[in-house]
Structure formats: C-alpha cells, structure tokens
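**Q** The structure is given below, and queries will be raised subsequently.
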Amino acid sequence: MPLTDESLAGYVALTGESLNIPDAYYLPPETPYQLNRNFDQDIGYHTRSVLAMPMRNRKGEVIGILQLLNRKTKFEELLNPGNVHEITQPFSETEERIMRLLASQAGISIERNQLHESIEHVLDEFVKAAVRAIEMRDPRTAGHAERVSLLTLQLGKAINAVSTGSLGRVYFDKKQLQEMRYAALLHDFGEVG
C-alpha cells in the first residue's frame with residue numbers, strides 16, 4: 001500500500017496527527033486526504049465515522065496506524081449501507097482519548113515484539129556460528145550437533161504426547177523446546193577450547 005497523505009491512514013502515518021471524522025463520505029474539499037471507497041464498494045459496506053490514530057514507538061516515531069470504523073449505537077445490529085446513518089455516530093472525545101492510550105500501548109508492544117525477535121535472531125546466529133566453530137575443529141563430526149538437536153526435540157515432543165505415568169506430568173512449552181534445541185546444538189561447545 002503506497003504511503004501518501006491522500007489516504008486517511010497515510011495522512012496519519014505521515015503527519016502523526018489523529019483523525020476523528022464524523023462522516024468519511026463528506027469531507028471538506030480542502031482536506032488533503034479522501035476515503036478510498038473501493039473497499040466499501042467491493043464488500044457492500046459504508047464507512048461513515050472514522051477514528052485513526054498513530055501508533056508510536058518509545059522514540060515517538062510512527063510505526064503503525066490504529067483505525068476504527070463506524071461507531072455503532074446499537075452493538076447487536078448488523079451494519080449495512082441502508083442503516084449506516086441510523087446506527088452509527090461520530091467517535092466521542094472520551095473514546096478518542098481511550099484509543100490514543102490503546103494506540104500508545106500497541107505501538108510499544110509492537111516495538112517490544114520486534115526487539116524480542118531481533119534478539120532471538122542474534123542468538124540464533126550466534127548458535128549457528130558456534131556450531132560451525134565446533135564442526136571446524138573436527139570436520140568428521142559435521143552434522144553431529146544438528147542430529148543431536150533433532151533427536152532431542154523429537155524426544156521432547158514425544159514426552160509432551162505422554163499423558164500417563166511419571167512423564168504424564170511433564171510438558172515442554174515452545175520456549176523450553178527452543179532452549180533444548182540450543183543446548184543440544186551447543187553440547188560440544190566446551191571442546192572448542
């Protein structure tokens with residue numbers, strides 16, 4: 001999706017300003033943005049009220065947009081182009097403040113997840129480099145660490161499948177299985193020295 005100030009989300013992303021639009025079909029002609037009606041036409045919808053907020057990271061940079069459409073007055077009623085004016089209303093200032101807080105939390109959460117993924121990637125690359133160093137020590141054992149890791153993970157998953165006996169109470173979650181994988185890959189790391 002091209003990032004231009006001609007779309008609602010693009011305008012919010014580029015300017016960092018929020019938009020609280022009572023009726024997106026009737027925007028003042030001087031606004032640089034307009035509603036792209038293709039979505040409405042494609043699925044038989046009618047966008048009326050719009051609240052679009054920037055999601056920011058801790059540095060204040062916009063990393064996403066939180067956009068809400070059609071603030072309904074009757075939650076249980078299904079919206080269609082015929083009743084959109086009867087059961088929707090503009091978003092209030094209170095709702096805008098609440099959504100600003102939610103957008104802030106969402107932005108920080110996204111940044112945190114990206115950081116976590118980056119750390120996992122660095123750790124994974126370190127483990128791969130360590131395994132290569134171990135295998136360079138003795139090329140005849142190439143692939144040994146990967147085979148041990150594969151067998152260890154298969155054992156962990158087999159234990160997870162057991163529901164009776166002393167192993168019936170043992171369960172390895174995704175994080176623990178990843179730790180087992182790293183431990184198995186690095187089990188000969190001490191031999192490098």
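The values are calculated or read from the model by the stated rules, or taken from the named source; none is laboratory data. What you see is a predicted model; the values in this text were computed from it and never measured. Glycine also receives a Cβ, built like all others from the backbone with ideal geometry; neighbour counts cover every protein chain displayed. Ligands, DNA and RNA are stripped out before the accessible areas are found, and what is left, the full protein with its side chains, is counted by its heavy atoms. Shrake-Rupley method; radii C 1.70, N 1.55, O 1.52, S 1.80 Å.
Results for (1) open to solvent by 20 Å² or more (accessible area, probe 1.4 Å); (2) within 22 Å of residue 104 (Cβ to Cβ); (3) within 20 Å of the chain's Cα centre (by Cα), shown as yes or no for each residue.
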position: 12; (1), (2), (3): no, yes, yes
position: 15; (1), (2), (3): yes, yes, no
position: 22; (1), (2), (3): yes, no, no
position: 31; (1), (2), (3): yes, no, no
position: 36; (1), (2), (3): yes, no, no
position: 41; (1), (2), (3): yes, no, no
position: 47; (1), (2), (3): no, no, no
position: 50; (1), (2), (3): no, yes, no
position: 60; (1), (2), (3): yes, yes, yes
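**Q** So, one more: Scan the stretch 135-170 for residues that are assigned to a loop (DSSP other than H, G, I, E, B) and under 17 Å from residue 184 (Cβ atoms) and jot them down.
**A** Matches in the stretch 135-170: 142, 143.
**Q** For residue 27, state whether it is of a type in the set (A, V, I, L, M), open to solvent by less than 60 Å² (accessible area, probe 1.4 Å), at pLDDT 90 or above and more than 28 Å from the chain's Cα centre (by Cα).
**A** Considered against the rule, which asks whether it is of a type in the set (A, V, I, L, M), open to solvent by less than 60 Å² (accessible area, probe 1.4 Å), at pLDDT 90 or above and more than 28 Å from the chain's Cα centre (by Cα), residue 27 comes out as yes.
**Q** Follow-up. Quick check on residue 94: is it of a type outside the set (D, E, K, R), open to solvent by less than 70 Å² (accessible area, probe 1.4 Å) and either more than 29 Å from the chain's Cα centre (by Cα) or farther than 25 Å from residue 191 by Cα (or both)?
**A** For residue 94, the condition - of a type outside the set (D, E, K, R), open to solvent by less than 70 Å² (accessible area, probe 1.4 Å) and either more than 29 Å from the chain's Cα centre (by Cα) or farther than 25 Å from residue 191 by Cα (or both) - is not met.
**Q** Residues in the stretch 112-151 that are polar (S, T, N, Q) and either touching a Pro at 6+ places or on another chain (Cβ under 8 Å) or open to solvent by less than 40 Å² (accessible area, probe 1.4 Å) (or both): how many?
**A** Adding up the residues that qualify gives 1.
**Q** Considering each of 96, 120 in turn, give the residue that is in contact with a Leu (Cβ under 9 Å, 6 or more places away or on another chain) and at negative phi. I'd like the intermediate steps shown before the answer.
**A** On the way: 120 fails: in contact with a Leu (Cβ under 9 Å, 6 or more places away or on another chain).
Result of the check over 96, 120: 96.
**Q** Which residue pairs have Cβ atoms under 8 Å apart, sit 6 or more places apart or on different chains, and have a first residue in the stretch 85-96 that is of a type in the set (A, V, I, L, M, F, W, C) and a second that is surrounded by fewer than 14 Cβ atoms within 10 Å (Cβ to Cβ)?
**A** 87/73; 87/74; 87/77
**Q** Looking at (1) under 30 Å from residue 115 (Cβ atoms); (2) open to solvent by less than 70 Å² (accessible area, probe 1.4 Å), which is the one condition that is false for residue 89?
**A** So the condition that residue 89 fails would be (1).
**Q** Of the numbered conditions (1) among the small types (Gly, Ala, Ser); (2) in a strand (DSSP E or B); (3) loosely packed, with under 15 Cβ neighbours inside 10 Å, residue 64 fails exactly one; give the number of that condition.
**A** Failing condition for residue 64: (3).
**Q** Only one residue in 38, 83, 57 is of a type outside the set (Val, Ile, Thr) and in contact with a strand residue (DSSP E or B) (Cβ under 7 Å, 6 or more places away or on another chain). Which one? Give the derivation first.
**A** Values: 38 fails: in contact with a strand residue (DSSP E or B) (Cβ under 7 Å, 6 or more places away or on another chain); 83 fails: in contact with a strand residue (DSSP E or B) (Cβ under 7 Å, 6 or more places away or on another chain).
Answer to the selection: 57.
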